[in-house]
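Inspection log for the structure reproduced underneath, given as structure tokens.
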Amino acid sequence: MVAEAVASGVELEVIAVREGDQFGADAARHVMLAREVFRSISQTVTPQGVLAIARVRESTADEAIAAAREAGWPLVVLDRVQDPGNVGAICRTAAAAGAPALAVLDGCADPFGAKSVRASAGNVFRLIVARADWEDLAAMDGYGAAAAGGVPLTESPIENAGMIVLGSEAHGLSRSNLKLVTIPLMHGVESLNVAAAAALLLFEVRRRRAA
Ligand SMILES: C[S@@+](CC[C@H](N)C(=O)[O-])C[C@H]1O[C@@H](n2cnc3c(N)ncnc32)[C@H](O)[C@@H]1O
């Protein structure tokens, strides 16, 4: 994850390596930590021996909108997605599909929080990420992804949308005036996990853009 951050252009302020491990990367400060000290400050049970501190620049909503528009990609919008594992997984998928920018609305887990960053495998740093509110997105045309009641994905031109909004794990979308797109599911299955839905939608955008 740290290597991924560096590869994405993140500048490290501190890099701390566990005694006995090795990791080469540029940082303003390098520290070697005794194994017990390293274990006590690490947030995972089986840490990989490298910790880093970096300053990340969050973008504005306008910057994220402009980046998406310039690339001809929908802006990926997360609406109260609360699980950092899902936020990170969606960041990873968005980067893998080629989406340039993502906006998180109030109530979302922090995309730069430790759990989200780990779940993104460091790929969050490849995206332009902004915090936004619905007002910032008022002029944007787009689709809300809905577990039910939307136009089937095959009939929805989501690749031309200004944004694709993914809703919360428990409550779905918080805005009611969006066009809706639905990935049809087998009878009896209520919904997909939000990160799974994001993967299907974003790779469908990628497929259609390439066609
Ligand atoms: C677990 S679902 C939310 C289910 C929730 N009970 C509801 O009221 O919508 C989380 C999010 O994943 C996306 N999602 C899940 N299944 C989907 C599907 N079949 N088609 C499109 N999006 C879906 C939607 O954005 C949804 O808000």
- [ ] Pull up the DSSP beta bridges for the range 91-211 and report the antiparallel fraction as a percent, rounded to 5.
- [x] 10 percent
Task: Taking the convex hull of Cα positions in the chain, its mean projected area over all directions (nm²) - done: 13.0 nm²
Open item on the list: Tell me the relative contact order for the chain as a rounded percent, counting alpha carbon contacts under 8 Å between residues six or more apart.
Closed with: 20 percent
Open item on the list: Please give the Cα centre distance for the range 23-39 versus the range 77-119, rounded to the nearest Å.
Closed with: 27 Å
Task: Among beta bridges that DSSP assigns inside the chain, antiparallel share in %, nearest 5 - done: 20 percent
- [ ] Let me know the charge dipole size of the chain about its Cα centre in debye, to the nearest 20, where only the beta-carbon of Lys, Arg (+1) and Asp, Glu (-1) is charged.
- [x] 460 debye
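Any idea what % of Cα-Cα pairs in the range 75-160 are farther than 22 Å? Don't skip to the end; give the middle numbers.
Working: 1002 of 3655 pairs.
For the range 75-160, the fraction of Cα-Cα distances above 22 Å is 27 percent.
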Open item on the list: Within a 10 angstrom radius of the beta carbon, how do Val14, Val77 rank from fewest other beta carbons to most?
Closed with: Val14, Val77
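If you rank Thr60, Thr44 by fewest surrounding Cβ atoms within 10 Å, what's the result? Show your work: numbers first, answer last.
On the way: Thr60 14, Thr44 10.
In increasing order of surrounding Cβ atoms, one gets Thr44, Thr60.
Over all directions, the average projected area of the alpha-carbon convex hull for the range 2-54 comes to how many nm²? Write down the numbers at each step before the final one.
Numbers: hull surface 13.8 nm².
Value for the range 2-54: 3.4 nm².
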TODO: On a 0 to 90° scale, report how tilted helix 84-97 is relative to the longest principal axis of the chain, with both axes built from alpha carbons and the result rounded to the nearest 10.
DONE: 80 degrees
Task: Principal-axis tilt of helix 61-71 within the chain, Cα atoms, nearest 10 degrees - done: 70 degrees
- [ ] Mind sorting Glu155, Glu58 by how few other Cβ atoms lie within 10 Å of their own Cβ, fewest first?
- [x] Glu155, Glu58
- [ ] Compare the Cα positions of Val17, Ile53, Ala28 along the charge dipole of the range 2-54 (+1 at Cβ of Lys, Arg; -1 at Cβ of Asp, Glu; about the Cα centre) and return the one farthest towards the positive end.
- [x] Val17
Open item on the list: I want the antiparallel fraction of DSSP beta bridges within the range 2-54, as a percent rounded to 5.
Closed with: 45 percent
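No value in this document is a laboratory result; all are computed from the given coordinates. Note that this is a predicted model, so its numbers are computed, not measured. For neighbour counting, all protein chains shown are included, and Cβ atoms are generated from backbone atoms with ideal geometry for every residue, glycine included.
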